[in-house]
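Visitor: Take a look at the following structure, please.
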Amino acid sequence: MSEILTIGLHAEGTTDHKFYKPLIERTIKDIVLDYDGDIEIYSIVEIPKTTGTSYKKDVLKAAITAYDSGLKCLILHCDADANTANNTMQHKIDPALEYVKNHAKPDSTKICTNLVPLIPVYMTEAWMLSDLELLKEEIDAIHISNADLGFTKKPEQYSDPKNIIISAMRIAVQSKAKHRRKADITELYTTLANKIPLDKLRLLQSYQDFYSALKKTCLPYC
């Protein structure tokens, strides 16, 4: 009998959900590929942020929703906004995990306590830079050099990777006819999430950390 693995995703914004939903599903399939268990990924459920409250209270509400929805675990996405995840982990994620843990004690509220941090260095768009050839194909810029597009560093070395991608898209469209000129990064999130080779993402420390944390959580269901 197959095990149904349902997972909640609590991300910072709409485009983050677009990128991470398909990527998480691909990552889970990769994790369970080498194990004997019969597992079916039923769904990745979006749990939106709650505005006007602290992060730890927002996570607590999401964890309660995840439990009530029968989800096996809840992924917490937060951009690092820095060159490592340490500060976000120490001052945002860890306090939220402790807050949830304290509310999940016996005779307290029923809460999902299988929480998995997902912290890209600087921001989500750094992961979108992990395969430049793929990105260049998607923005029709294969004929332009990486340097001319502004791709001069490793993905996690850009403090504003989103702006780097938007700038490259603008450069790419300049050679097109005016009626074809369009540079909309929102179209890239789902496309790249479905196409980026996981081997490319594994070169990024932030993805390695997420992969390890998700693997540790998922394997008991395999």
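Visitor: Please count how many residues of the stretch 3-45 are assigned to a strand (DSSP E or B) and either within 15 Å of the chain's Cα centre (by Cα) or more than 24 Å from D199 (Cβ to Cβ) (or both).
Guide: 12
Quick grid of which residues meet (1) under 19 Å from the mean Cα position of the chain (by Cα); (2) hydrophobic (A, V, I, L, M, F, W, C); (3) buried (at least 21 other Cβ atoms within 10 Å of the Cβ):
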position: N86; (1), (2), (3): yes, no, no
position: L115; (1), (2), (3): yes, yes, yes
position: P120; (1), (2), (3): yes, no, yes
position: M128; (1), (2), (3): yes, yes, yes
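Visitor: Only residues that are acidic (D, E) and either exposed (fewer than 14 other Cβ atoms within 10 Å of the Cβ) or in contact with a strand residue (DSSP E or B) (Cβ under 7 Å, 6 or more places away or on another chain) (or both): list them for the stretch 31-62, please.
Guide: D34, D36, D38, E40, E46
Visitor: So, one more: Restricting to the stretch 171-202, count the residues that are surrounded by 14 or more Cβ atoms within 10 Å (Cβ to Cβ) and either of a type in the set (V, I, T) or at pLDDT 90 or above (or both).
Guide: Going through the stretch 171-202 one residue at a time, the tally reaches 15.
Visitor: A further question follows. Among the candidates E25, E40, single out the residue that is closer than 26 Å to V121 by Cβ and of a type in the set (D, E).
Guide: Within the list E25, E40, the selection yields E25.
Visitor: Out of (1) more than 20 Å from the chain's Cα centre (by Cα); (2) hydrophobic (A, V, I, L, M, F, W, C); (3) under 20 Å from S159 (Cα atoms), the odd one out for V100 is which?
Guide: Just one mismatch for V100, condition (3).
The values are calculated or read from the model by the stated rules, or taken from the named source; none is laboratory data. What you see is a predicted model, and the numbers here were worked out from it, not measured in a lab. Neighbour counts are summed over all protein chains in view; Cβ atoms, including those assigned to glycine, are modelled from backbone coordinates with ideal geometry.
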